[in-house]
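First the structure, in the form of structure tokens, and then the observations on it.
The values are calculated or read from the model by the stated rules, or taken from the named source; none is laboratory data. Every value quoted in this text rests on a predicted model; they were computed, and no experiment measured them. Cβ sites come from the backbone with ideal geometry, for glycine too, and all protein chains shown count toward neighbours.
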Amino acid sequence: MLAHMDTEALAKTRETGLAHFHSRSRGRLWMKGETSGNVLRVDRILVDCDQDALILVCRPVGPACHTGAPSCFYRELEGDALRPVNT
């Protein structure tokens, strides 16, 4: 999945070991799976060379996508159509 993190979300992620993000639509801190139970357990946090992007290496508990797919990236653009892929 792809999500936004701010300082508060990163601190809470490091404190709990569960992925937290800044929800722009909710306007607040949000823990992945707080309502569904499909949390992301964080194993590692990778930082890019500019220190402005992170990759969380996680063990998902349930599907990562709100659609029920294992990943939010379950389709690819083929011409003008979206085609399902196996992730």
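For region 39-71, a residue qualifies if it is surrounded by 10 or more Cβ atoms within 10 Å (Cβ to Cβ), over 14 Å from Leu18 (Cβ atoms) and in contact with a strand residue (DSSP E or B) (Cβ under 8 Å, 6 or more places away or on another chain), and the qualifying residues are Val47, Ala53, Leu54, Ile55, Pro70. Can you run down the residue pairs with Cβ atoms below 7 Å, 6 or more apart or on separate chains, where the first is in region 1-18 and surrounded by 12 or more Cβ atoms within 10 Å (Cβ to Cβ) and the partner is modelled with pLDDT under 95? That search, which allows pairs on different chains as well, returns Met1/Ala64; Met1/Cys65; Met1/Cys72. Residue under question is Asp80, and the condition is that it be among the charged types (D, E, K, R) and surrounded by 10 or more Cβ atoms within 10 Å (Cβ to Cβ); does it hold? Against the criterion (among the charged types (D, E, K, R) and surrounded by 10 or more Cβ atoms within 10 Å (Cβ to Cβ)), Asp80 does not qualify.
Every condition in (1) farther than 25 Å from Glu15 by Cβ; (2) assigned to a strand (DSSP E or B) is met by Leu46 except one, and the failing one is (1). Only one of the numbered conditions (1) closer than 12 Å to Met1 by Cβ; (2) more than 11 Å from the chain's Cα centre (by Cα) is not met by Gln51, and that is (1).
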